[in-house]
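In what follows, a single structure is set out as structure tokens and then discussed.
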Amino acid sequence: MSTMVYGHDLLALERFMDDTRHMIEFDVLSWESPVGDKGNRERIFLSDTGYERALASQSCGEIKIRKHAKVIEGHLLYDRKKEHSR
């Protein structure tokens, strides 16, 4: 079962803007979130400043970031999950 993702499409023009450096998918946990409605999953492309604001929103409990990718010339480089050492 897939979750509906609101916000920017994966091929949105924002992805290719000069100052875009990050893509995040996040769950909106609070009505105070600056983006989206509580209960939705959102995707947005961000500058470094926008990403810092998203991290601050996560620290305040407004959102929970589920996926992050660096954006380099329109290419998405997803973060890798940390491997557990055995």
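Laboratory data are not the source of any read-out in this text; all were calculated from the coordinates shown. Here the structure is a predicted model, which is why all the values come from computation and not from measurement. Please note: Cβ atoms are built from the backbone with ideal geometry, for glycine as well, and neighbour counts cover all protein chains shown.
Count charges around Phe45 for me, please; just the other residues with Cβ under 14 Å from its Cβ, Lys/Arg as +1, Asp/Glu as -1. My count for the surroundings of Phe45 gives -2. How high is the relative contact order of the chain, in percent, counting Cα pairs under 8 Å that sit 6 or more residues apart? Worked out over the chain, it gives 32 percent. Most tightly packed first, judged by the mean number of other beta-carbon atoms within 10 Å of their residues, the peptides 41-51, 62-72 read 41-51, 62-72. Note on the chain: with a GNM built from Cα contacts shorter than 10 Å, the maximum mean-square fluctuation among Leu13, Leu55, Leu29 falls on Leu13. Here the sum of -39500 (n - 2.57) over DSSP H runs of 4 or more residues, divided by the residues of the chain, equals -4500 deg cm²/dmol at 222 nm, to the nearest 500.
Judged by the ratio a/c of the largest to the smallest principal axis of the C-alpha gyration tensor, the chain counts as rounded, that ratio being less than 1.5.
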